[in-house]
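Asks: Just dropping this structure here.
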Amino acid sequence: MEATALSSGLRPLPNPNGYRLSRSCSQRKSLPLARFHSKETPFKKPQGLSFKTKVFEQAHHPVAGDLSYDDTTRSSVGEDKIGVLLLNLGGPETLNDVQPFLYNLFADPDIIRLPRPFQFLQGAIAKFISVVRAPKSKEGYAAIGGGSPLRKITDEQADAIRLALQAKNVSADVYVGMRYWFPFTEEAVQQIKKDKITRLVVLPLYPQYSISTTGSSVRVLQDLFRKDPYLARVPVAIIESWYQRRGYVNSMADLIQKELQTFSDPKEVMVFFSAHGVPVSYVENSGDPYQKQMEECIDLIMEELKSRGVQNNHILAYQSRVGPVQWLKPYTDEVLVDLGKNGVKSLLAVPVSFVSEHIETLEEIDMEYRELALESGIENWGRVPALGLTPSFITDLADAVIESLPSAEAMVSPSAGVSEDSESSDAFGYIMKMFFGSVLAFLLLLSPKMFHAFRNHLI
C-alpha cells in the first residue's frame, strides 16, 4: 500500500543512468513579483501546536486571485528565481515496481522504528517484509489498473499550481519529489540545483503533519541540503501543514455537500471521515501532532458545513494499519461493522488525509470498505472524491506558496559540512548493516516457523 507505512529511511541513491530526472513544470524566465495588499482578516489558528517552520493560514472567505504583496514583501523576495517543491509518497507504476517500492517504504526508520542497537537490521527487515507483502499488494494494484495513478495526478497538480501562481503574477518552477518512487526527492533536488533556484517553497501534499510523512521527507531534504554548499545557502520555506486553511476547509465542505445531494435522503446520511492511521507510539512517545491536527481538521470542516445548514452526524476512523502494533483508533473496518449493527443505512465516506486518488481510495475504500459496509447492513454507500485539481483547492495552495515566500531562510548552516572521515564511517556502517542484515534475512527465510509468524502479522 502506498501509505500503509508512511515514510522510508534507507534512501535510494540517485543514479544518473537509471533514474528519470525530475523536471520542473516550467522553464520560462522568472517574472518580477507584483505588489500585493492583502485585505483579508486572519483565520483562527488552532492552539497548542508548535512547529519548526511556520504554518500559513488563510482568510475566512475564499480568495480568488486577489492576494497581494506590499513593498516590504516584495523587497524581501526581490528578483529571486522561485521554486516550489511538492512532496508526496509516490507509488508503483507497474506491478513489477511493487516489491522494490515496498522495500523503499519499509526501509524508512520513520516507518519501522528499531532500537538503536538493532538499526543495522533495517534493510534486511525491509527486504523481508516487502517480499512477503508484495503478492497481496500486487492484487490491490491490479484491481485499480496495474499501478498507482499518484505520479500522474501529482504532476497535474504541479502544473495547475504553476498556472495559478502565474495568474497571480508570480513565476515559479514547480517540482515533484516522491519519497519512495520515481521521481525521488533526491532527483527533484538535483534539478532545483541545476536550475539555480534561489528561493524555494516546500509544499508537502499532506494536509496534516506527521513525522512519518512530512517529517520523513523534510529529514531527507535537510540531509541533502546540509551536504551541498549551494543548497545550504538557498532560502527555504516549509509549509508543514495546511489543514486549517480556509481554502482547504471550504473545498472539502463543497465536495461533501455535493455528494450528499446524490442520496435520496441527504439528512439521514452519516458522514464517515476515514484518515490514514499511524502507530499510537508516534503520538504518545514521539509527540506526533497528527491525531490532534486530524481531529481539529474534522471540527473545522463540520463547522463550515453547519454554517451552510448541513447538520449530518459524522464520525472519524483510521484505516490502513499494518503489523502487530497498536494504531490510532477507532479502526475504519471495525467502525463500519458497528455502524451497520446500529442501524445506519446511508453512509458517505470522506478520505480526509488524501488529496489525490491512489490505492487507498480506489481499492481500500472503494472496494474493500464498500463491500464490508454493504455486508454489515449499510444499504446506501457514497464516497467523496479526493480534491485532486479542484480549482479552489489549487488556488489556495498557490496562495499558501505566496504567503510563505518572505519567511524563507537557509535550511541549514552553510558551515555544517560532512567530513571525509564521517563519510568513510557512514560507508563502512552501511556495508556492515547490509552484511549482517543479509545474514539475518537468510536465517529467517530458512525458518518456516519464523516465516509464518512474520507473515501472519504482515499480510
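Asks: Excluding ligands, DNA and RNA, what is the solvent-accessible area per residue of the range 246-383 at a probe of 1.4 Å, expressed in Å²?
Replies: Per residue, the range 246-383 has an accessible area of 41 Å².
Asks: Also, I was wondering about something else. Can you tell me what the convex hull of the Cα atoms of the range 193-324 projects to on average, as an area in nm²?
Replies: Projected over every direction and averaged, the Cα hull of the range 193-324 covers 11.2 nm².
Asks: Considering the Cα trace of the range 246-383, what is its radius of gyration and what is Dmax, both in angstroms?
Replies: Expressed in Å, the Cα Rg and Dmax of the range 246-383 come to 14.8, 46.
Asks: From the alpha carbon gyration tensor of the range 149-224, can you work out the equivalent ellipsoid semi-axes (sqrt of 5 times each eigenvalue) and give them in Å, largest to smallest?
Replies: That gives 20, 16, 13 Å for the three semi-axes.
Asks: While we're looking at this one, here's another question. Just to be sure I follow the rule: in the range 246-383, considering lysines 8 or more places apart or on different chains, how many pairs have Cα atoms under 14 Å apart?
Replies: For the range 246-383, the number of qualifying lysine pairs is 4.
Asks: What distance in nm separates the simple spin-label points at Arg233 and Asn96, each placed 7 Å from Cα in the Cβ direction?
Replies: 4.4 nm
Asks: Which residues in the range 107-124 have a backbone N closer than 11 Å to a point placed 7 Å from the Cα of Val131 along the Cα-to-Cβ line?
Replies: Under cut-off, by backbone N: 124.
Asks: Report in % the part of the accessible area of the range 246-383 that belongs to carbon and sulfur, leaving out ligands and nucleic acids; probe 1.4 Å.
Replies: 44 percent
Asks: Around Tyr318, which amide H atoms from residues at least 5 apart in sequence, or from another chain, sit under 5 Å from its own amide H, with H modelled in the peptide plane?
Replies: HN-HN under 5 Å from Tyr318: Ala275, Tyr331, Thr332.
The values are calculated or read from the model by the stated rules, or taken from the named source; none is laboratory data. Bear in mind that the values here come from a model prediction, so they are computed numbers and not experimental data. Backbone-built Cβ (ideal geometry, glycine too); neighbour counts: all protein chains shown. Please note that ligands, DNA and RNA were not included when accessible areas were found on the heavy atoms of the full protein model with its side chains. Shrake-Rupley method; radii C 1.70, N 1.55, O 1.52, S 1.80 Å.
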